[in-house]
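Student: I have a structure I would like to understand better, so I am pasting it below and will then ask my questions one at a time.
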Amino acid sequence: MVTRRQAIVLAVLANACTSAPQQAVETKYDQATGRLRQVSIGSQRDGKPDIISYMDGAKFIRIEVDQNEDGRIDRWEYYSGDQKLEKVGFSRANDGVVDAWAFKAPDGSIGRVEVSTRRDGHANRVETYENGVLKEAEEDTNRDGRVDKWETYEGGRLVSAGFDPAGKGQPTYVIDYRTEHAAK
């Protein structure tokens with residue numbers, strides 16, 4: 001199934017081949033194989049691409065979008081080999097650096113968000129959502145590759161946080177914000 005954004009890219013490509021385009025379109029091909037590798041589409045306003053599609057021939061790998069036309073990418077769509085949208089990346093600081101990735105739940109709402117709190121491209125926090133509302137989060141706060149902080153939410157509100165500073169793989173202490181005291 002082709003997404004709306006994929007259809008727009010294909011329509012602009014078709015238009016570029018048949019008449020004067022409304023938008024600037026640039027294509028890049030692999031010199032060795034002749035396969036399409038990239039399609040960039042930009043408005044005439046700023047001359048910068050608003051959509052950059054990374055391709056493997058006719059298949060989409062990733063689509064990057066400057067949604068507000070400020071010259072910075074602010075949405076990254078990642079596609080599987082069967083052309084299904086796997087995840088959507090975004091910049092929490094709105095600075096053109098991807099630092100979070102959203103995954104759909106079976107009902108179409110956001111089911112999980114992976115966050116790079118260090119903004120290094122590697123997720124160290126995983127948030128789980130139920131019906132689009134934050135339910136729980138796990139985080140590696142000390143860069144050792146293991147979860148050492150657990151958060152529980154009710155109605156999107158933080159109700160407890162567990163911490164494992166000793167690296168035992170389970171909370172050493174828990175703060176329950178409903179009762180405002182620590183349980184050991």
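Student: Could you run through region 147-182 and say how many residues are within 17 Å of VAL115 (Cβ to Cβ) and loosely packed, with under 13 Cβ neighbours inside 10 Å?
Tutor: Here the count works out to 1.
Student: Right, next: Restricted to region 1-52, and to residues that are assigned to a loop (DSSP other than H, G, I, E, B) and in contact with a strand residue (DSSP E or B) (Cβ under 6 Å, 6 or more places away or on another chain), which residue is modelled with the highest pLDDT?
Tutor: So the residue we want is ASP30.
Student: Determine whether VAL113 is among the β-branched types (Val, Ile, Thr), free of Cβ contacts under 8 Å to residues at least 24 places away in the same chain and surrounded by 14 or more Cβ atoms within 10 Å (Cβ to Cβ).
Tutor: Against the criterion (among the β-branched types (Val, Ile, Thr), free of Cβ contacts under 8 Å to residues at least 24 places away in the same chain and surrounded by 14 or more Cβ atoms within 10 Å (Cβ to Cβ)), VAL113 qualifies.
Student: Here is a follow-up. List the strands (runs of 3 or more DSSP E) that sit entirely inside region 112-161 and contain at least 1 residues that are under 19 Å from ARG92 (Cβ atoms) and among the β-branched types (Val, Ile, Thr).
Tutor: 125-130, 133-139
Student: Moving to a separate point now. For GLN83, which of the numbered conditions (1) within 13 Å of the chain's Cα centre (by Cα); (2) at pLDDT 90 or above fails to hold?
Tutor: Evaluating GLN83 over (1) within 13 Å of the chain's Cα centre (by Cα); (2) at pLDDT 90 or above leaves (1) as the failure.
Student: Go through the residues of region 119-135 one by one and say whether even a single one is closer than 26 Å to TYR54 by Cα, among the hydrophobic types (A, V, I, L, M, F, W, C) and surrounded by 14 or more Cβ atoms within 10 Å (Cβ to Cβ).
Tutor: Here is the first cut: in region 119-135, the residues closer than 26 Å to TYR54 by Cα are 119-123.
Right, trim to among the hydrophobic types (A, V, I, L, M, F, W, C) and you get 123.
Of the ones still in play, those that are also surrounded by 14 or more Cβ atoms within 10 Å (Cβ to Cβ) are 123.
Checked region 119-135: at least one residue is closer than 26 Å to TYR54 by Cα, among the hydrophobic types (A, V, I, L, M, F, W, C) and surrounded by 14 or more Cβ atoms within 10 Å (Cβ to Cβ).
Student: If you take the residues in region 40-72 that are touching a Pro at 6+ places or on another chain (Cβ under 9 Å) and not small (Gly, Ala, Ser), which one is farthest from ARG112 (Cα to Cα)?
Tutor: ILE41
Student: Determine the pairs where a residue that is under 13 Å from ASP140 (Cα atoms) and at pLDDT 95 or above, located within region 159-184, has a partner that is among the β-branched types (Val, Ile, Thr) and not in a strand (DSSP E or B) with Cβ atoms under 7 Å apart, the partner being 6 or more residues away or on another chain.
Tutor: PHE163/THR172; ASP164/THR172
Student: Oh, and also: Would you tally the residues in region 46-59 being over 16 Å from the mean Cα position of the chain (by Cα) and closer than 19 Å to VAL88 by Cβ? Spell out the reasoning first.
Tutor: Taking region 46-59 as the starting set, the residues that turn out to be over 16 Å from the mean Cα position of the chain (by Cα) are 46-50, 55-59.
From what is left, the residues that are closer than 19 Å to VAL88 by Cβ are 49-50, 55, 59.
Qualifying residue count for the region: 4.
Student: Please go through (1) among the aliphatic types (A, V, I, L, M); (2) modelled with pLDDT of 95 or more; (3) within 15 Å of TRP101 (Cβ to Cβ) for MET55 and return the number of the only condition it doesn't satisfy.
Tutor: (3)
The values are calculated or read from the model by the stated rules, or taken from the named source; none is laboratory data. Just so it is clear, the structure is predicted and the values come from calculations on it, not from any experiment. Positions of Cβ are backbone-derived with ideal geometry, glycine not excepted, and every protein chain shown enters the neighbour counts.
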